[in-house]
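Input: a single structure, listed below in C-alpha cells.
All of the numbers you see were taken from the coordinates with simple rules; none came from a lab. Predicted model only: the values in this text are computed from it and were never measured. Note: ideal-geometry Cβ built from the backbone for every residue, glycine included; neighbour counts use all protein chains shown.
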Amino acid sequence: MLLLTQADYEAIRLSVKVALAATALSLPFGFAFAYLMTFFKFRGKVLLEVVVNLPLTLPPVVIGYLLLIALGKNGWLGPLLEALGLRLIFTWKAAVLASAVVGFPLLVRSIRLAMEGIDYQLIQASRTLGARAVDTLFTVILPLSLRGILAGSSLMFARSLGEFGATIIAAGNIPGVTQTIPLAIYEYASSPSSEKAALSLCVVAVALSVLVLLFHEFLAQKLARRD
C-alpha cells in the first residue's frame, strides 16, 4: 500500500506540470533547430551542434548553477527580468527551464533523425510542383517527422519527470512550490524513518514512466498503421 501525504500528491502534480510545460516550451524550438541542422549548411554549424548537445555531457548541477547566475536577482539577466516584473529563480518556472535545457538535446536528436530519414526526392518533387519552402515544411517535412516528434517528446517528458540536479540548484526544494518527485524522494532518503514514504514515491515514478512509454508505443503503432 502506498503511503502518500498531501505534500507527496502535490509533488506528483508539480512533476507532471513541469514535465508538460518543459516539453511544450521546447517542442517548437526543438523542431526549428532540427530543421535548421538537417536542411541548411552554414558556418559555425558544428559549434552550434556542440553547444546544443552540451547538456548531455555536463553535470546537471552545472546547468542549474549557470541558470542561477544568469537568471538570479544579481545575475546576467537579473536586471532585465526585474524590469519586466519576472521572477524565475526558486519558482516552478525555474524547474521548467532546468528540465527544458537538460532534455532539449534528446528532443532535437529524435526529430533530426526522423528528418534525415525523409526521402529528399519527396521534398524536391514538392518544390518542383510549385510549393513554397514553408508549404513543403508543413505538408511534407512535418507529417513525415511525426514519429521523431513523438519519440522526442516522450523522451523529453520522461527526462523532465526525473530531473534532479539542475532543478534543486535553480528552483530549490520548497514543498508545495518547487518540490518535484525526485526532490521529495531525496528529502525522504535523508531520513532513516522515511524509507516507506520514499519507496512509495519511487513506485509512483516508475508507474508514470511506464505510462509514458506505453502511450508512446500506442501512438507509434497507430502512426505506423496509418502509414
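General observations
- If the convex hull is drawn through the Cα atoms of region 168-211, its volume per residue in Å³: 74 Å³
- Sum of side-chain charges, THR136 neighbourhood, beta-carbon under 15 Å (Lys, Arg +1; Asp, Glu -1): 0
- Net charge of neighbours whose Cβ lies under 14 Å from the Cβ of ALA170, counting Lys and Arg as +1 and Asp and Glu as -1: +2
- Between the listed residues LEU129, VAL210, TYR188, the Cα displaced farthest toward the positive end of the dipole of the chain, a dipole computed from Cβ unit charges relative to the Cα centre, is found at LEU129.
- Taken about its Cα centre, the chain carries a charge dipole of roughly 580 debye when the Cβ of each Lys and Arg holds +1 and the Cβ of each Asp and Glu holds -1.
- Remark: C-alpha extents of region 8-226 on the principal axes read 67, 45, 30 Å, sorted largest to smallest.
- Fewest-first ordering of ILE118, ILE168 by other beta carbons within 10 Å of each residue's beta carbon gives ILE118, ILE168.
- Between ALA114, ALA133, ALA21, the residue with the greatest mean-square fluctuation in the GNM of the chain (Cα pairs under 10 Å linked by springs) is ALA133.
- Net length gained if the chain between ALA220 and ALA32 were fully extended (0.36 nm per residue, minus Cα distance): 65.5 nm
- Most mobile listed residue (ARG132, ARG147, ARG109) in the chain, GNM with C-alpha springs under 10 Å: ARG132
- Taking other C-beta atoms within 10 angstrom as a stand-in for reagent exposure, VAL62, VAL203, VAL140 fall in the order VAL203, VAL62, VAL140, fewest first.
- Taking the fewest neighbouring Cβ atoms within 10 Å as the starting point, the ordered list for ASP135, ASP119 is ASP119, ASP135.
- Counting only Cβ charges, +1 for Lys and Arg and -1 for Asp and Glu, the dipole size of region 33-166 around its Cα centre is about 140 debye.
- For region 111-154 versus region 45-104, the inter-centroid distance based on Cα atoms is 31 Å.
- A simple charge model with +1 on the Cβ of Lys and Arg, -1 on the Cβ of Asp and Glu and nothing else charged puts the dipole of region 93-212 at about 240 debye relative to its Cα centre.
- ALA95 sits among other residues whose Cβ lies under 14 Å from its own Cβ, and their net charge, with Lys and Arg +1 and Asp and Glu -1, is +3.
- Cβ-derived FRET efficiency at R0 45 Å, ARG127 paired with LEU211, nearest 0.05: 0.65
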